[in-house]
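Novice: Below are the structure tokens for one structure; questions will follow.
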Amino acid sequence: MQRERYDVVVIGGGAAGLLAATRAASRGRRTLLLEKNARPGVKILMSGGTRCNITNARDRRGIVEAFGPGGRFLFPSLGELDSEAVRRLFHDAGCPTKVEDDVVPGKVFPASDRATDVLDALLRGLERSGAELAAATPASGLEPLTGGGFAVDTPRGRVRAEAVVVTVGGASYPRAGTAGDGYRFAARMGHAIVEPLPALVPLVVAEPWIRELRGLAVDARARTTIGGRRVGERDGAVLFTHFGLSGPAVLDASSALVRARRASPGVEAVVELDFLPGEEEARVEVMLREAAQAAGGRLVKNALAPPLPERLAGALVRDAARVEDSRRLAALSKEERRRVARAVKGLRLRVAGDRGFAQAEVTSGGVVLDEVDPRTLASKKQAGLYFAGEVLDLDGPIGGFNFQAAWSTGWLAGGVA
Ligand SMILES: Cc1cc2nc3c(=O)[nH]c(=O)nc-3n(C[C@H](O)[C@H](O)[C@H](O)COP(=O)(O)OP(=O)(O)OC[C@H]3O[C@@H](n4cnc5c(N)ncnc54)[C@H](O)[C@@H]3O)c2cc1C
């Protein structure tokens with residue numbers, strides 16, 4: 001650190017912190033960005049399968065809606081930097097973008113498909129702004145000073161700042177530097193914290209036979225329930241793993257389910273997979289009957305594959321519907337036909353747990369939104385303190401929404417701190 005005093009200290013050099021520091025310094029504020037890791041932006045590099053799904057091309061309302069009830073908090077930040085503005089910002093910084101539509105429409109990636117280009121563009125902007133970057137320098141303490149301002153403790157000494165922006169992210173992927181430090185800082189300043197829980201997280205399933213399907217990816221509708229009550233529903237790819245389920249549809253459905261399980265411990269949580277969401281269950285039964293009439297000597301599992309992958313069809317017939325592997329279509333009883341159709345349209349898998357923060361893409365929970373002014377991101381508890389990014393109680397689905405929240409809140413905070 002070159003000085004002992006700064007106008008602004010930004011704690012955490014991720015998506016939100018990089019933009020906050022760049023903008024604060026561009027306004028002429030003497031700005032220090034503290035980053036725990038040897039390099040800033042580690043999550044940017046690992047995101048989107050190293051392609052970085054930078055944002056989503058939806059308009060402001062669409063972004064807000066993706067975040068559910070808390071999303072309204074983002075309106076003023078998006079007013080400063082919406083997804084179109086993010087794309088312009090990266091384009092102007094030498095990182096043009098493109099839009100990809102899959103199950104989630106409007107995903108924005110760098111045209112080069114390289115997350116490193118996203119980070120390089122940010123680092124060039126940071127350097128041009130004149131902000132000072134102190135890497136490998138975690139903030140270990142944050143104290144308000146009598147008379148205003150803050151003291152920030154680091155292993156390299158104590159710095160003073162008029163304003164502090166906390167952009168340390170959440171508690172997911174702690175090996176990437178995000179160990180929940182922000183909650184400690186916020187609590188110390190009198191903020192309430194919504195219990196941080198893993199979100200966008202793979203789920204552990206109780207049925208042991210599911211492990212035989214590991215490595216298989218299939219499109220499905222994932223419905224989650226707790227005690228029979230519907231918690232969420234997502235369409236998209238489902239990935240079978242050695243512990244249970246992952247893939248975008250399951251990750252998206254996981255966030256609400258993890259919180260619901262936490263609120264109702266011991267109550268049965270279920271993921272129900274519908275492998276043919278375009279068909280009625282009765283229609284699947286009819287399909288099986290027609291298949292039996294056309295070629296009764298065929299194995300039941302072969303009547304399902306295609307459309308389903310062979311391995312899945314076999315497991316659904318044998319393990320879920322409990323119909324012998326060798327059973328021919330003509331020998332299928334009405335009750336067995338019903339069970340097979342049920343397995344295809346609503347495979348019930350009991351959730352035994354989740355893979356925790358170690359494998360959660362984001363954290364749900366965090367600094368309570370009511371205690372932060374959405375127009376400035378200033379703390380309502382402590383003058384001069386700001387929060388931006390995932391440390392806030394905001395988490396969105398897969399599709400570029402979480403980065404968008406980090407860019408816009410970081411940008412807004414850097415514009416006022
Ligand atoms: C594997 C993976 C893939 C993802 N892919 C996508 C995607 O494609 N699109 C998308 O929108 N979102 C994605 N996300 C989510 C996205 O990465 C986060 O929501 C986003 O990075 C949050 O930004 P942030 O700036 O708030 O926090 P972070 O990016 O997590 O940055 C926080 C920074 O603060 C630093 N820090 C922590 N504590 C301290 C301290 N005490 N002192 C100093 N520094 C500290 C950390 O080292 C880190 O660099 C993904 C997440 C993961 C884990």
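Novice: Identify which of 47, 379, 246 has the largest mean-square fluctuation in a Gaussian network model of the chain, with springs joining Cα atoms closer than 10 Å.
Specialist: 47
Novice: Oh, and also: Hey, if you put +1 on the Cβ of every Lys and Arg and -1 on every Asp and Glu Cβ in the chain, which of 331, 106, 141 ends up farthest toward the positive end of that dipole?
Specialist: With unit charges placed on the Cβ atoms, the residue in question is 331.
Novice: So which of 107/381; 36/381; 98/301 end up more than 30 Å apart by C-alpha?
Specialist: The pairs that break the limit, which is 30 Å between Cα atoms, are 107/381; 98/301.
Novice: Per residue, what volume in Å³ does the convex hull of the Cα atoms of segment 284-339 enclose?
Specialist: 65 Å³
Novice: Specify the inter-centroid distance of segment 77-118 and segment 261-338, based on alpha-carbon positions, in whole Å.
Specialist: The distance from the Cα centre of segment 77-118 to that of segment 261-338 comes to 41 Å.
Novice: Can you give the local net charge around residue 138? Use residues other than it whose beta-carbon is closer than 15 angstrom to its beta-carbon, Lys and Arg +1, Asp and Glu -1.
Specialist: +3
Novice: Dividing the alpha-carbon radius of gyration of segment 21-83 by 2.2 N^0.38 Å (N being the number of residues), what value is obtained?
Specialist: The value comes to 1.41.
Novice: Could I ask something else about it? Considering only protein heavy atoms and a 1.4 Å probe, what is the carbon-and-sulfur percentage of the accessible area of the chain?
Specialist: 48 percent
Novice: Per residue, how much space in cubic angstrom lies within the convex hull of the C-alpha atoms of segment 25-152? Walk me through the intermediate numbers first.
Specialist: Values: hull volume 19.1 nm³, N = 128.
Convex hull volume per residue, Cα atoms: 149 Å³.
Novice: Given 0.36 nm per residue, what is the gain on full extension from residue 263 to residue 101 after removing their alpha carbon distance, in nm?
Specialist: 54.8 nm
Novice: Does anything in segment 261-286 have its amide N under 12 Å from the 7 Å Cα→Cβ label point of residue 216, and if so which residues?
Specialist: Residues 275 qualify, since their backbone N sits under 12 Å from the label point.
Novice: Net charge around residue 299, counting only other residues with Cβ within less than 12 Å of its Cβ (Lys, Arg = +1; Asp, Glu = -1)? Walk me through the numbers before you get to the answer.
Specialist: Working: positive: 298, 301, 318, 327, 328; negative: 310, 324, 325.
Taking every other residue near residue 299 into account, the sum is +2.
Novice: Can you give the local net charge around residue 366? Use residues other than it whose beta-carbon is closer than 10 angstrom to its beta-carbon, Lys and Arg +1, Asp and Glu -1.
Specialist: Summing Lys and Arg as +1 and Asp and Glu as -1 gives -4.
Novice: Okay, moving on. Modelled label-to-label distance, residue 5 and residue 375, 7 Å Cα→beta-carbon offset: nm?
Specialist: 3.1 nm
Novice: Now, a different point. Taking every pair of alpha-carbon atoms in the chain, give the share separated by more than 26 Å as a whole percent.
Specialist: Tail of P(r) above 26 Å: 57 percent of Cα pairs.
Novice: A further question on this structure: Obtain the nm distance between the two label points defined at residue 156 and residue 114 by a simple spin-label model: each point lies 7 Å from its Cα along the Cα-to-C-beta direction.
Specialist: Each label point lies 7 Å from its Cα, and together they span 2.8 nm.
Novice: With no solvent and one equal point scatterer per Cα, compute the Debye intensity ratio I(q)/I(0) for segment 315-382 at 0.20 Å⁻¹ and report its log10, rounded to two decimals.
Specialist: Log10 I(q)/I(0), no solvent term: -0.86.
Novice: Something else now. What's the long-distance tail for segment 283-417, i.e. % of Cα pairs beyond 23 Å?
Specialist: 56 percent
Novice: Using the per-residue mean of other Cβ atoms lying within 10 Å as a proxy for protection, in what order, highest first, do the peptides 29-42, 189-202 fall?
Specialist: Final packing ranking: 29-42, 189-202.
Novice: For an R0 of 35 angstrom, estimate the FRET efficiency from the Cβ-Cβ distance between residue 230 and residue 383 and round to the nearest 0.05. Before the final figure, lay out the partial values.
Specialist: Numbers: r = 44 Å, r/R0 = 1.25.
E(calc), rounded to 0.05, equals 0.20.
Novice: For segment 108-222, report the accessible area per residue in Å² (1.4 Å probe, heavy atoms, rounded to an integer).
Specialist: 40 Å²
Novice: If you look at just the Cα atoms of segment 87-240, how large are its Rg and its Dmax in Å?
Specialist: My reading of the Cα-based Rg and Dmax gives 21.7, 64 Å.
Novice: Would you work out if segment 1-45 is rounded, prolate or oblate? Take a ≥ b ≥ c from the square roots of the eigenvalues of the alpha-carbon gyration tensor; rounded if a/c is under 1.5, else prolate when a/b is larger than b/c, oblate otherwise.
Specialist: Oblate shape, in that a/c is at least 1.5 and b/c is the bigger or equal ratio.
Novice: Follow-up question, since we're still on this one. Counting only DSSP beta bridges with both residues in the chain, what percent are antiparallel, rounded to the nearest 5?
Specialist: DSSP beta bridges in the chain are roughly 75 percent antiparallel.
Novice: While we're on this one: With runs of 4+ DSSP H residues as the only contributors, calculate the mean residue ellipticity of the chain at 222 nm using -39,500 (n - 2.57) per run, divided by the residue total and rounded to the nearest 500.
Specialist: -9500 deg cm²/dmol
The values are calculated or read from the model by the stated rules, or taken from the named source; none is laboratory data. None of these values were measured; they are calculated from a predicted model. Ideal geometry is used to build each Cβ from the backbone, glycine not excepted, and the neighbour counts take in all protein chains shown. The accessibility values were calculated without ligands, DNA or RNA, using every heavy atom of the protein model including side chains. Shrake-Rupley method; radii C 1.70, N 1.55, O 1.52, S 1.80 Å.
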